[in-house]
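Novice: Input: one structure, supplied below.
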């Protein structure tokens, strides 16, 4: 009987010791896990000001280039200028949609109106007609696209946010293709 009682006491003691030790670990794990879960619910990724400025600058550029492309489609004398304007509208509208989705995911508000500088340059361009318009249009978008290419390359290389860097890198080839087309049309008109 002593052996059975001793065995029973040892077994109960071991169970109690394991239960106490096990509960202590479970509670510690649960608390730690809860803390991690609770803290991750409230963490938001902060986009750096340079990355945010990149998105807002590109959005502003898209608005301007779509407007300028519309002018080219309407006022262009040369069919290649009209076609280039139409292509810019199509490509930039599609790119703007991707830009809006990225900005929304990053909680960045994009401009939806042209800034005053763009309004002035578009108004000046709209005053021109014929071959003068075609050349002024091509000159304007060539400058704009060179600036855009530099901005995209810089962001792809030095940006902080990986998704924004990826967006910049992915669009470099399209911008270069547009710049090559602008150069080709520009060279054939002069």
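Novice: Any chance region 139-153 includes a residue that's assigned by TED's automatic domain parsing to the domain that holds residue 70 and more than 21 Å from residue 63 (Cβ to Cβ)?
Specialist: Checked against the condition, which is being assigned by TED's automatic domain parsing to the domain that holds residue 70 and more than 21 Å from residue 63 (Cβ to Cβ), region 139-153 yields at least one hit.
Novice: Can you find, within region 111-128, the residue that is nearest to residue 58 (Cα to Cα) among those that are outside any helix (DSSP H, G or I) and at pLDDT below 95?
Specialist: So the residue we want is 111.
Novice: Could you list, in sequence order, all residues of region 117-138 that are under 22 Å from residue 49 (Cβ atoms) and exposed (fewer than 12 other Cβ atoms within 10 Å of the Cβ)?
Specialist: The answer is 117, and nothing else.
Novice: Now for a separate question. Sort through 85, 95 and tell me the only one that's part of a helix (DSSP H, G or I) and either at pLDDT 95 or above or outside the structural domain of residue 172 (by TED's automatic domain parsing) (or both).
Specialist: Answer to the check: 85.
Novice: Still on this structure: Give region 78-116 a look and list any residue that's exposed (fewer than 11 other Cβ atoms within 10 Å of the Cβ) and in contact (Cβ under 8 Å) with a residue 24 or more places away in the chain, or say none.
Specialist: Result: 112, 113.
The values are calculated or read from the model by the stated rules, or taken from the named source; none is laboratory data. It should be emphasised that the depicted structure is a prediction, and the values quoted were computed from it without experimental measurement. FYI the Cβ positions are ideal-geometry reconstructions off the backbone, even for glycines, and counts take in every protein chain you see.
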